[in-house]
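Below: the structure, in structure tokens.
The values are calculated or read from the model by the stated rules, or taken from the named source; none is laboratory data. Since we're looking at a predicted model, the values are computed, not measured. Note that each Cβ is placed from the backbone with ideal geometry, even for glycine, and that neighbours are counted across all protein chains shown. Ligands, DNA and RNA are excluded from the accessible area calculation, which covers all protein heavy atoms including side chains. Shrake-Rupley method; radii C 1.70, N 1.55, O 1.52, S 1.80 Å.
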Amino acid sequence: MTTPLIDPFMRPISYLRVSVTDRCDFRCVYCMSENMNFLPKKELLTLEELDRMCSTFVGLGVEKLRITGGEPLVRRDIMTFFNSMSRHLDSGDLKELTLTTNGSQLHRFAKDLHAAGVRRINISLDTLDEKKFADITRWGRLPQVLKGIDAARNAGLRVKINVVALKGFNEDELFSIADWCAQEDMDLTFIEVMPMGDIGNEDRIDQYWPLEDLRARLAERFTLTDLPERTGGPARYVKLEETGQKIGFITPLTHNFCESCNRVRLTCTGELFMCLGQEDNADLRAPLRANPDSTTPLDAAIRDAISRKPKGHDFDYSRQNVGGQMSRHMSHTGG
């Protein structure tokens with residue numbers, strides 16, 4: 001019987017988020033600069049190495065695997081990896097295989113993802129206005145994403161829409177986005193913008209819209225009932241009594257969500273970040289590549305890293321100053 005992964009604060013680590021690429025076909029203004037310098041491909045874990053890495057985590061008790069990027073579906077031959085991971089679903093060792101995507105490539109991959117065992121996906125979508133969408137993503141086109149959402153739902157995938165709350169940008173779409181998700185029977189989660197990496201000319205203080213304000217605005221129109229539901233993740237949920245709709249709030253700045261954290265994040269280069277809002281990390285690529293015939297050194301490196309998992313992050317927007325800002329981009333760590 002393998003000893004499960006437990007951090008210093010007695011939190012079981014059962015959820016791994018894996019960035020399979022730092023590349024993306026969008027350049028969202030809160031995520032990356034328009035002229036990004038991406039990593040040399042030789043530094044990225046190969047698909048076979050990603051398989052070995054994730055399988056090792058599954059063997060140590062990880063039950064949920066979320067594939068992220070960048071945009072995971074722009075990685076060449078990525079379905080080879082999804083199809084390989086499906087064996088852990090078949091064995092029962094892995095309870096869920098899922099991904100977060102911008103939706104741009106879903107029309108190509110939705111059926112194949114469902115066939116590989118994916119049942120739920122998160123789609124990042126911050127506006128339903130075509131021009132504003134082009135502005136916020138710089139390179140994205142809304143009709144392509146909506147086509148992908150239709151393909152995902154037609155393939156039998158449950159869709160959750162993730163909306164980054166941006167002051168002065170999508171405040172006026174709060175109710176229209178909520179209504180659209182209710183009409184289409186899609187879950188909805190709002191996220192506070194996080195201080196990750198240099199994003200060029202954008203000012204995060206100007207972008208920051210506290211979800212306390214957003215929730216108060218929702219309460220002007222709906223009766224909100226707090227739900228006790230906890231998934232080990234950062235979201236806190238409410239029910240809109242008038243529609244029965246469930247809405248999540250991810251509030252790293254106004255409400256520290258760390259007390260029940262059950263996750264760690266693996267970058268596309270094999271660095272394990274024990275906390276999104278801390279710089280401490282462990283190099284897992286070295287023991288992986290140095291020991292092709294044994295997982296024992298990798299197991300030990302993972303356990304050592306988990307023993308250093310902090311109690312919480314350092315994000316802070318108080319005093320009109322961006323504190324706890326991370327130098328790395330979200331696209332590198334995995335969104």
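When the residues of the stretch 160-193 are filtered to those that are outside any helix (DSSP H, G or I) and of a type in the set (Asp, Glu), which remaining residue is least open to solvent (accessible area, probe 1.4 Å)? Result: Glu192. Once the stretch 250-266 is narrowed to residues that are open to solvent by less than 20 Å² (accessible area, probe 1.4 Å) and at pLDDT below 85, the residue that is nearest to Leu60 (Cα to Cα) is Cys258. Of note, Pro12 satisfies the criterion of being under 28 Å from Ser86 (Cβ atoms) and surrounded by fewer than 16 Cβ atoms within 10 Å (Cβ to Cβ). For Ser91, indicate whether it is of a type in the set (Gly, Ala, Ser) and closer than 28 Å to Glu192 by Cα. Spelling it out, it is not the case that Ser91 is of a type in the set (Gly, Ala, Ser) and closer than 28 Å to Glu192 by Cα. Could you say whether any residue in the stretch 93-105 is on the phi > 0 side of the Ramachandran plot and surrounded by 19 or more Cβ atoms within 10 Å (Cβ to Cβ)? The answer is yes, given that some residue of the stretch 93-105 is on the phi > 0 side of the Ramachandran plot and surrounded by 19 or more Cβ atoms within 10 Å (Cβ to Cβ). Screening the stretch 194-205 for residues that are assigned to a loop (DSSP other than H, G, I, E, B) and either of a type in the set (D, E, K, R) or modelled with pLDDT under 65 (or both) and picking the one that is surrounded by the fewest Cβ atoms within 10 Å (Cβ to Cβ) gives Asn201. Considering Pro72, Pro12, Pro8, the condition of being on the phi < 0 side of the Ramachandran plot and out of contact with any Ser or Thr (no Cβ under 7 Å at 6 or more places or on another chain) is satisfied by Pro12 alone.
Screening the candidates Thr21, Thr2, Thr56 for the property of being open to solvent by less than 30 Å² (accessible area, probe 1.4 Å) and assigned to a loop (DSSP other than H, G, I, E, B) yields one hit, Thr21.
Sort out for me the helices (runs of 4 or more DSSP H) sitting completely within the stretch 60-154 that have 3 or more residues that are polar (S, T, N, Q) and at pLDDT below 95. Break it down stepwise before answering.
Values: elements: 78-91, 106-115, 130-137, 142-154.
Fully inside the stretch 60-154 and qualifying: nothing.
Leu174 falls short of the stated requirement of being without any contact (Cβ under 8 Å) to a residue 60 or more places away in the chain and closer than 30 Å to Cys54 by Cβ.
Of Ala300, Ala305, all but one fail to be open to solvent by 20 Å² or more (accessible area, probe 1.4 Å), in a helix (DSSP H, G or I) and modelled with pLDDT of 85 or more; the exception is Ala300. Counting only residues that are at pLDDT 80 or above and of a type in the set (Lys, Arg), which one in the stretch 224-249 is least open to solvent (accessible area, probe 1.4 Å)? Of everything passing the filter in the stretch 224-249, Arg236 is least open to solvent (accessible area, probe 1.4 Å).
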